Amino acid sequence: MDLEDYGQPANFLASQVWPSARVAAIAMEQQLSAKALSSMTVCEFGCGPGLPSLTAAKLGAQNVVATDLDPLALELVQKASEEQGFQHVLQTQRFDLTGDVLDDNKNRLPEADLYLLSDVFESKQVALGAARVTCQILHKSQNARIWVFAQSDRACREDYLEAMRKQHQDKEGSRLEWLPMDQHDIRQQSTSKLLLFDLDETTVAYG
Ligand SMILES: C[S@@+](CC[C@H](N)C(=O)[O-])C[C@H]1O[C@@H](n2cnc3c(N)ncnc32)[C@H](O)[C@@H]1O
């Protein structure tokens, strides 16, 4: 199906698979065993066409919640999920990273074991909203992990980092930095709950 078939203008940003999404999918493939994933709920924020969400479903996650502000993005993920037979595992939900988190269905924060953010720092407002949501998750859940992916030329990722360092005025905060995937020791028990993945888009392979 082509984007034009959806009968509404395509949001360029929300309808592309960005290099970060590819790296997020690879990180899950390489770092999470099928056994671990089979008991996990994975939630993606700002999913766009949702490559990481679809990958989580394909790798055997128990549940996947793909969220975005953009209805077209949610429609694309929904359609791809149905085409690939993941409709019983993957749900889509509107979630605005800049909005107040509410308990009702207007902007409910999904419960998950692993949260993914891939290339969502479109503006300072979204970066600060994402930082606020990250803090809420860290505060609310002892065990949830948050993996954030952003290429080095995304200026607003530094707004996110600065906001997160301010929140964590401890050792954890001072250790926070954007690091390439091979410098994160993800399998270590001691690994931080929040990992920031840096990527160089020119080195990301598709295929
Ligand atoms: C550059 S695209 C990245 C899409 C996808 N995550 C990827 O890496 O391929 C940015 C995504 O963030 C979403 N977005 C922008 N502002 C948002 C907000 N306030 N809340 C949630 N998602 C938002 C856009 O709709 C878009 O899908």
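Angle of helix 19-31 to the longest C-alpha principal axis of the chain, folded into 0 to 90 degrees and rounded to 10: 70°. In the stretch 117-174, taking the dipole from charged Cβ atoms about the Cα centre, the farthest positive-side position among 143, 117, 130 is held by 143. Pairing the Cα long axis of helix 124-140 with the longest principal axis of the chain, what angle in degrees results, from 0 to 90 and rounded to the nearest 10? Rounded to the nearest ten degrees, it is 70. How large is log10 I(q)/I(0) at q = 0.10, 0.14 Å⁻¹ when the Debye formula is applied to the Cα atoms of the chain, each weighted equally and without solvent? Log10 I(q)/I(0), no solvent term: -0.39, -0.79.
Computed from Cα atoms, the angle from the helix 71-83 axis to the main principal axis of the chain rounds to 70 degrees. When the chain is treated as a Gaussian network with alpha carbon springs shorter than 10 Å, the biggest mean-square fluctuation among 62, 78, 142 belongs to 142.
Comparing 50, 85, 129 in a Gaussian network model of the chain (Cα springs below 10 Å), the most mobile by mean-square fluctuation is 85. Net charge dipole, the chain: roughly 760 debye, given to the nearest 20, about the Cα centre with Cβ charges of +1 for Lys and Arg and -1 for Asp and Glu. For residue 128, the solvent-accessible surface computed with a 1.4 Å probe is close to 80 Å², ligands and nucleic acids excluded.
The values are calculated or read from the model by the stated rules, or taken from the named source; none is laboratory data. Everything quoted here is computed from the prediction, not taken from an experiment. Virtual Cβ from ideal backbone geometry, glycine too; neighbours counted across all protein chains shown. For the accessible areas, the whole protein counts, side chains as well, though only heavy atoms, and no ligand, DNA or RNA atoms are used. Shrake-Rupley method; radii C 1.70, N 1.55, O 1.52, S 1.80 Å.
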